[in-house]
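Undergrad: For reference, the structure I am asking about is given below.
Nothing in this text is a laboratory measurement; each read-out follows from the coordinates by a stated rule. This structure is a prediction, so every number in the text was calculated from the model and none was measured. Note: ideal-geometry Cβ built from the backbone for every residue, glycine included; neighbour counts use all protein chains shown.
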Amino acid sequence: MSEFSVTPEHVIAAAGRLSAISGHVADSCGGLRGCSGAAAGTPAEGAFEGLLGHFSTVLPHFGLAGERLGAAVAGAGSNYSGSEVEIAGACDGGGRWR
Amino acid sequence: MAVSLAPGPVLAPLGGGPGVSVGVSPGATGIQVAPGDPGSLLASSSELARLGQMLEDHSSTVLETAGSLAPSWLGQASGAYQQLSSIVSAHFRAAAGTSRTAAASLRRYSAELDRCQREGMQAVTHAEACLKEIHDQTARLAAAQAAAGAAQGALNTARAQATTAGAAGPLGVPLAAAADAQASIEQGRLTSAETEIQAARRALTHAHEDLTMWQGRGRRAWEEAQSAADQASGSLEALTIAAPPLAGVAALPLLSATPPFALPGEAGCPTSPGTPVEDPLFPGLLADPIPERLPTGESLPGIEPVLGGGLIADPIPERLPTGESLPGIEPVLGGGLIADPAPAPCPRHQVDDTGGGTGEGQSSGGGLGDLYDGGKVPSEAELHGYAQGQGWQLQPSPTGPPKYVDGNGVPRLTIKSGSARTPGSEGPHIEVRDPSGQRTDPFGNPVLRRSPGNHYPYTP
């Protein structure tokens with residue numbers, strides 16, 4: 001059995017914070033792409049570009065992780081909230097389900 | 001000594017912002033200034049530091065968000081969410097640390113390169129001054145030698161005239177006196193010229209010594225820049241970040257271009273139950289056939305043929321009973337935090353994913369490992385041919401080793417000539433990475449940077 005006190009604004013804010021991660025990660029990926037060539041001509045060029053390539057490959061997964069986590073929280077809040085409305089309607093009352 | 005002074009190299013400004021790349025090829029001075037743009041490296045360091053801060057902030061965001069929901073949300077789904085948040089947060093924190101390490105490494109290299117370039121340029125400037133001094137003093141010496149020659153000739157002539165006049169008797173006395181006076185003047189000129197010659201020679205010797213000293217300083221600055229670059233390369237190549245798990249996706253290996261198992265209908269996945277399969281990488285370990293009727297009873301506990309060992313196999317009903325008084329819905333978090341179906345694995349055969357699942361880096365099927373079969377050592381041309389056959393692009397680098405990158409920018413094959421300055425990596429060898437950037441040997445087995453498996457040889 002689970003227990004969830006739904007405060008929609010709170011859940012929406014929480015989901016929003018998590019979903020915002022992907023945008024920030026995307027911005028950072030763009031910033032990193034701009035760094036390409038910074039080590040041009042040096043012996044460290046290969047290692048540097050390799051690191052950028054690796055980061056470019058993996059970082060989007062961090063954004064996706066935040067997005068999916070945010071969606072999960074939003075989905076949970078929505079489902080619980082829906083249940084509350086459903087139950088409130090069934091009981092003909094307006095109390096909060098807890 | 002004849003010294004020709006070639007036009008000096010055009011010197012780029014030092015310590016400039018991004019885009020200002022210093023690099024002076026050895027010209028008349030014989031000094032090479034380390035190439036590279038410290039400003040761009042520093043800007044990249046700042047970018048990586050910002051990335052690290054952003055990841056650290058979001059590590060906190062994920063944890064704090066989970067913490068803020070914890071008091072009002074209890075139960076199985078909440079537990080799963082809290083646990084996943086903790087794991088995701090840890091991934092963000094680890095990646096933040098990696099970014100900060102990369103930033104620090106680049107900052108150090110930038111500072112050291114800047115210092116070495118300044119010293120190198122200073123050496124070039126002084127060496128050019130030395131060359132000019134050598135040029136001037138050489139001209140001075142030549143002029144003094146010419147003057148000494150002329151004075152010596154005039155002196156000889158005057159002395160001969162004085163001797164002739166003296167032999168003429170009393171009539172020659174005035175002429176002899178004039179000749180002696182002239183000889184005295186020429187002697188003075190000769191002495192001055194010889195003094196000038198000695199001074200020019202001393203100045204030349206000094207200028208040559210200075211030139212040698214500045215050439216040595218320039219060479220040291222270049223070597224120190226190379227050493228700093230090697231250190232930065234070693235640090236950067238060792239860094240890696242791991243992707244966090246995703247809500248709604250089972251904890252399967254990520255970043256794989258292909259599933260880590262053969263799907264039904266694919267090559268390597270038998271079509272009939274019970275068919276023995278030979279695993280190319282770990283024969284016997286994962287190749288046992290799974291019987292058609294799975295032993296799931298109490299008498300055979302612990303056998304879980306579903307990928308993930310039960311992680312995603314527990315059935316979670318769409319609607320859970322929540323008690324008589326609240327016969328409503330017990331939703332699964334996010335409608336799929338742990339309930340989304342994972343890709344169905346082939347029930348017969350699992351293979352290791354280290355080779356990328358496409359035959360790359362494996363010991364059979366046209367992989368890189370084939371080039372080393374039976375103790376063979378491939379030629380450099382064979383390695384280039386293999387990389388080009390994979391569709392990888394050769395990354396142009398005037399100073400670095402040939403490096404092939406895939407479509408995602410991951411350096412998949414680096415053909416290194418080796419360096420006497422790097423113990424253990426002296427000889428020609430290759431470095432291989434899988435699609436996720438993990439170092440592997442040619443057969444697809446994970447290796448570390450200093451592992452022997454990261455140093456498979458080739459014939460140049």
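Undergrad: If I fit a long axis through the Cα atoms of helix A:45-91 and take the longest principal axis of the Cα atoms of chain A, what angle between them do I get, 0 to 90°, rounded to 10?
TA: Roughly 10 degrees, rounded to the nearest 10.
Undergrad: Can you work out ³J(HN,Hα) from phi for every residue in the range B:50-64, in order, using Karplus 6.51 cos²θ - 1.76 cosθ + 1.60 and θ = phi - 60°, giving whole Hz and x for Gly and Pro?
TA: 4, 4, x, 5, 4, 5, 5, 4, 6, 4, 5, 4, 4, 5, 5
Undergrad: Moving to a separate point now. Among B:Ser110, B:Ala70, B:Ser86, which residue has its Cα positioned farthest towards the positive end of the charge dipole of the range B:60-120, with +1 placed on the Cβ of Lys and Arg, -1 on the Cβ of Asp and Glu, and the dipole taken about the Cα centre?
TA: Toward the positive end, the furthest listed residue is B:Ser110.
Undergrad: Using θ = phi - 60° and the Karplus form 6.51 cos²θ - 1.76 cosθ + 1.60, what ³J(HN,Hα) does each residue of the range A:19-30 get, whole Hz, x for Gly and Pro?
TA: 5, 5, 4, 4, x, 5, 5, 4, 4, 5, 4, x
Undergrad: Could you work out the mean count of beta carbons from other protein chains within 10 Å of each residue's beta carbon in B:30-43?
TA: Neighbouring Cβ atoms belonging to other protein chains average 3 per residue here.
Undergrad: Okay, moving on. Return the sequence-ordered ³J(HN,Hα) values of the range B:230-243 in whole Hz as given by the Karplus equation 6.51 cos²θ - 1.76 cosθ + 1.60 applied to θ = phi - 60°, using x for Gly and Pro.
TA: Here the 3J(HN,Hα) series is 4, 5, 4, 4, x, 5, 5, 5, 7, 8, 8, 10, 10, 6 Hz.
Undergrad: If amide hydrogens are placed 1.01 Å from N in the peptide plane, which non-local residues have theirs closer than 5 Å to the one on B:Thr440?
TA: Counting only residues 5 or more places away or on other chains, the set is B:Val432, B:Arg433, B:Asp434, B:Val447.
Undergrad: Once you put a point 7 Å from the Cα of A:Ala13 and another 7 Å from the Cα of B:Ile185, both along the Cβ direction, what distance in nm separates them?
TA: Simple spin-label model gives 10.6 nm for this pair.
Undergrad: Next up: Given H placed 1.01 Å from N in the peptide plane, which residues other than close sequence neighbours of B:Ser379 have an amide H under 5 Å from its amide H?
TA: Under 5 Å from the amide H of B:Ser379 lie the amide H atoms of B:Thr459, each far enough along the sequence or on another chain.
Undergrad: B:Gln395's amide H: which non-local residues (gap 5+, or another chain) put their own amide H closer than 5 Å, with H modeled 1.01 Å from N in plane and none for Pro or chain starts?
TA: Those lying under 5 Å, H to H, from B:Gln395 are B:Lys403, B:Tyr404, B:Val405.
Undergrad: Based on Cβ point charges of +1 for Lys and Arg and -1 for Asp and Glu, what charge dipole magnitude is obtained for the range B:66-208 about its Cα centre, in debye rounded to the nearest 20? Could the numbers behind the result be given before it?
TA: Details: 12 positive and 10 negative charges, 151 e Å.
Magnitude of the dipole: close to 720 debye.
Undergrad: Gain in length, B:Ser417 to B:Lys132, computed as 0.36 nm per residue apart minus the alpha-carbon separation, to one decimal in nm? Walk me through the numbers on the way to the answer.
TA: On the way: separation 285, 0.36 × 285 = 102.60 nm, distance 3.94 nm.
The span from B:Ser417 to B:Lys132 would gain 98.7 nm if fully extended.
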